[in-house]
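Read-outs: derived from the displayed coordinates by stated rules, not from any lab. Source: prediction; values computed, not measured. All Cβ positions, glycine included, derive from the backbone under ideal geometry; neighbour counts span all protein chains shown.
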Amino acid sequence: MKLFKRTLFAAAALAVMGCAADTAGTASTAKAAASEADKELMSAAQGVFKPLPTFEEMQKVRQVTPEQIKLGQALFYDPRLSADQQQSCNTCHNLATYGVDNQSFSKGVAGGFGGRNAPSVLNSSLFVAQFWDGRAKDVEEQAGGPMLNPAEMAMPNEAAVEEVLRLIPGYKAMFDAAFPGQQQSITFQNATAAIGAFERTLLTPTRFDSYLRGDASALTAAEKAGLKKFMDVGCTACHMGTGLGGEGYFKFGLVQGPYWKFTGSKKPDDGRFEVTKSEDDKNVFRSPGLRNVARTYPYFHDGSVWDLEKAVDIMGQAQLGAKMSADDVKSITAFLNALTGDVPEAARTMPILPAAGPRTPHPEHHK
């Protein structure tokens with residue numbers, strides 16, 4: 001009997017050991033399969049997206065100097081470049097709120113409103129063009145637009161901007177340092193070049209950039225699943241590259257339209273047609289970059305949608321012709337939340353601005 005019991009115990013132990021070995025083998029196989037799936041997903045992502053460039057890499061595209069960046073930051077925050085001296089670049093592109101003002105339309109001089117939602121300035125120097133309709137070729141050209149727009153900063157002309165800057169004594173030395181060797185350094189073109197130089201530093205690296213550089217652990221399982229879904233359903237047709245968008249023009253309502261039946265927009269917008277006058281460009285807009293998209297609400301050119309999941313759902317229907325499940329929408333949104341980076345602290349810290357001089361224009365609120 002004792003021998004039988006010992007034999008039975010031994011057999012049971014062997015069976016348990018066998019089960020453990022089978023379980024370990026299954027787990028090992030599953031881990032290997034998951035690792036292989038991770039590698040395939042990362043490889044696919046690396047073929048579609050690119051990590052943010054370093055500052056050194058940005059310098060190869062357009063070289064800027066520390067003096068130009070310093071001047072540009074001051075000009076970005078200076079409200080004296082507007083007709084009522086109340087509006088600065090940062091008013092509509094607040095760096096403390098991810099380069100936007102979180103309003104459907106931005107309020108300008110005299111209480112008027114712009115006609116389109118203010119896009120974020122973060123990472124915008126990477127885009128093919130600026131503004132929703134692409135009417136400015138780069139951030140330098142874009143910087144001058146709001147200053148002269150009657151609904152925004154409302155300066156009457158370039159000469160008026162130059163006059164204000166020349167009547168603020170401290171700017172003379174800053175412009176001379178930023179643009180040495182020029183007989184007259186304070187010009188409208190130099191002002192916008194300096195603002196552009198500052199904006200080229202507004203890059204917000206994220207865990208997704210670490211992932212694209214080979215760190216598979218940088219994203220959670222849920223974020224990886226969302227990334228895969230994002231690619232599988234076809235979002236990458238418009239949102240690819242370094243900025244996850246901003247590289248091309250696409251009709252809003254490409255598959256199902258018009259777009260306003262989804263957004264509830266009260267006033268249809270012809271989009272790029274206003275620039276090109278081509279019928280093919282009606283309702284066509286430059287695709288927005290999706291970096292920091294979780295923080296740059298409300299969405300679309302008219303700021304008509306405040307909820308990111310709703311925006312994803314609308315994109316699926318209007319652009320892809322697909323009504324995605326709630327789970328798929330949540331999964332993609334989980335990935336989009338991983339695109340939120342950190343705004344450089346030095347950039348979002350308002351600098352000390354040059355003091356006004358005896359002839360500097362000033363607002364006369366008492367009149």
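Quick look at the numbers
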{"read-out": "Protection-proxy order for peptides 272-280, 124-132, 173-181, each taking the mean of Cβ atoms within 10 Å per residue, highest first", "value": "124-132, 173-181, 272-280"}
{"read-out": "Residues whose placed amide H lies under 5 Å from that of GLY271, excluding near-sequence neighbours", "value": "ASN283"}
{"read-out": "The chain, dipole about Cα centre (Lys/Arg Cβ +1, Asp/Glu Cβ -1), debye to the nearest 20", "value": "1060"}
{"read-out": "Partners for LYS137 among lysines (Cα-Cα distance below 26 Å; same-chain residues under 8 apart left out)", "value": "LYS50, LYS60, LYS70, LYS107, LYS251, LYS277, LYS282"}
{"read-out": "Degrees between helix 221-233 axis and first principal axis of the chain (Cα, 0 to 90, nearest 10)", "value": "70"}
{"read-out": "ASN337 versus VAL61: modelled label distance in nm, points set 7 Å from Cα along the beta carbon direction", "value": "2.9"}
{"read-out": "Computed FRET value (nearest 0.05) for ASP176 with MET350, which takes r as the C-beta separation and R₀ as 22 Å", "value": "0.45"}
{"read-out": "Calculated from backbone phi, Karplus (6.51, -1.76, 1.60) coupling profile of region 162-176 in Hz, x at Gly/Pro", "value": "4, 4, 4, 5, 6, 8, 10, x, x, 6, 4, 5, 5, 5, 4"}
{"read-out": "Contour excess over end-to-end distance, with Cα ends at LYS267 and VAL128 and 0.36 nm allotted per residue", "value": "47.4 nm"}
{"read-out": "Highest average packing first - 62-73, 343-354, Cβ atoms within 10 Å", "value": "62-73, 343-354"}
{"read-out": "Sequence-distant residues sharing a close amide H with ASP138 (under 5 Å, placed H)", "value": "GLN130"}
{"read-out": "Hz values of 3J(HN,Hα) by residue in region 81-94 - Karplus curve (6.51, -1.76, 1.60), Gly and Pro given as x", "value": "8, 10, 4, 9, 6, 10, 10, 10, 4, 5, 4, 8, 10, 5"}
{"read-out": "Longest to shortest principal axis, alpha-carbon extents of region 159-318, angstrom", "value": "57, 45, 26"}
{"read-out": "The chain - Debye-derived log10 I(q)/I(0), Cα point model, q = 0.11 Å⁻¹", "value": "-0.81"}
{"read-out": "Spin-label pair ALA110/ALA136, simplified geometry with 7 Å Cα→Cβ offset, distance in nm", "value": "2.2"}
{"read-out": "Per-residue ³J(HN,Hα) for region 281-292, Karplus 6.51 cos²θ - 1.76 cosθ + 1.60, θ = phi - 60°, Hz, x for Gly and Pro", "value": "9, 5, 6, 9, 9, 5, 5, x, x, 9, 5, 6"}
{"read-out": "Helical contribution to [θ] at 222 nm, DSSP H n ≥ 4, -39,500 (n - 2.57), averaged over the chain, rounded to 500", "value": "-13500 deg cm²/dmol"}
{"read-out": "Amide H contacts under 5 Å for LEU202, placed H, 5+ residues apart", "value": "ASN123"}
{"read-out": "Neighbour net charge for VAL329 - beta-carbon separation under 13 angstrom, K R +1, D E -1", "value": "-1"}
